[in-house]
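Student: Structure incoming, see below.
Just so you know, all these numbers are worked out from the coordinates, no wet-lab data involved. Remember, it's a predicted structure, so these values are computed and weren't measured experimentally. Virtual Cβ from ideal backbone geometry, glycine too; neighbours counted across all protein chains shown.
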Amino acid sequence: MQIQDDLQTRWWTLEASLVERFGKKPDLETVLFLIGIQEFGDIKPKFTKEQKQDLMHIAVCHLLSQSGYYELAAVDEDGWPHFSQLKPLPEHNMIEQENFLKDHILLYFQQNGFQ
């Protein structure tokens, strides 16, 4: 349980940093959207609903590439990255899956000097 408590404490610290920076507490999808924009590299005034979903997908693939689950395969003519899955994802229940993703998000922010 201590590992889970540490993850939660680190997550709350990240949330507090994001609240300080953006003025409101983001949910997990918003954090994924922000990472997707960062990795896409093109900030637009508006994204379509489909583009928002694509940005969150980019974020998940990029995050999980840190652990060797995905790799960048190509970037299309519009600048959108495409990933290839290298190995199957571990089977998790909903809470474990969320924590798995949160751990990768925390690593991403740490590696990018945010915390």
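Student: Which chymotrypsin sites (Phe, Trp or Tyr not before Pro) in the stretch 36-115 pass both tests, a DSSP loop state and at most 14 other beta-carbon atoms within 10 Å?
Tutor: Passing both the DSSP loop test and the Cβ count: F114.
Student: For the chain, with only Lys/Arg (+1) and Asp/Glu (-1) charged at the beta-carbon, what is the dipole magnitude about the Cα centre, in debye rounded to 20?
Tutor: 340
Student: Rounded to the nearest 0.05, what FRET efficiency do H92 and K46 have when you use their Cβ-Cβ distance and R0 = 41 Å?
Tutor: Efficiency for this residue pair is about 0.75.
Student: Could you work out [θ]222 nm for the chain from helices alone, using -39500 (n - 2.57) per DSSP H run of at least four and dividing by all its residues? Round to the nearest 500 deg cm²/dmol.
Tutor: Result for the chain: -20000 deg cm²/dmol, rounded to the nearest 500.
Student: Restricting to lysines 8 or more places apart or on different chains, can you count the pairs in the chain with Cα atoms under 25 Å from each other?
Tutor: 14
Student: Also: What shape does the chain have by the C-alpha gyration tensor, where a ≥ b ≥ c are the square roots of the eigenvalues, rounded means a/c under 1.5, and otherwise prolate means a/b greater than b/c and oblate the rest?
Tutor: oblate
Student: Within the chain, which is the longest segment containing none of the trypsin sites (Lys or Arg not before Pro) that sit in a DSSP loop and have at most 10 other Cβ atoms within 10 Å?
Tutor: Maximal segment without exposed cleavage sites: 47-115.
Student: Continuing with the same structure: Can you work out ³J(HN,Hα) from phi for every residue in the stretch 52-69, in order, using Karplus 6.51 cos²θ - 1.76 cosθ + 1.60 and θ = phi - 60°, giving whole Hz and x for Gly and Pro?
Tutor: 5, 5, 4, 5, 5, 5, 4, 4, 4, 4, 5, 4, 6, 5, 4, 10, x, 7
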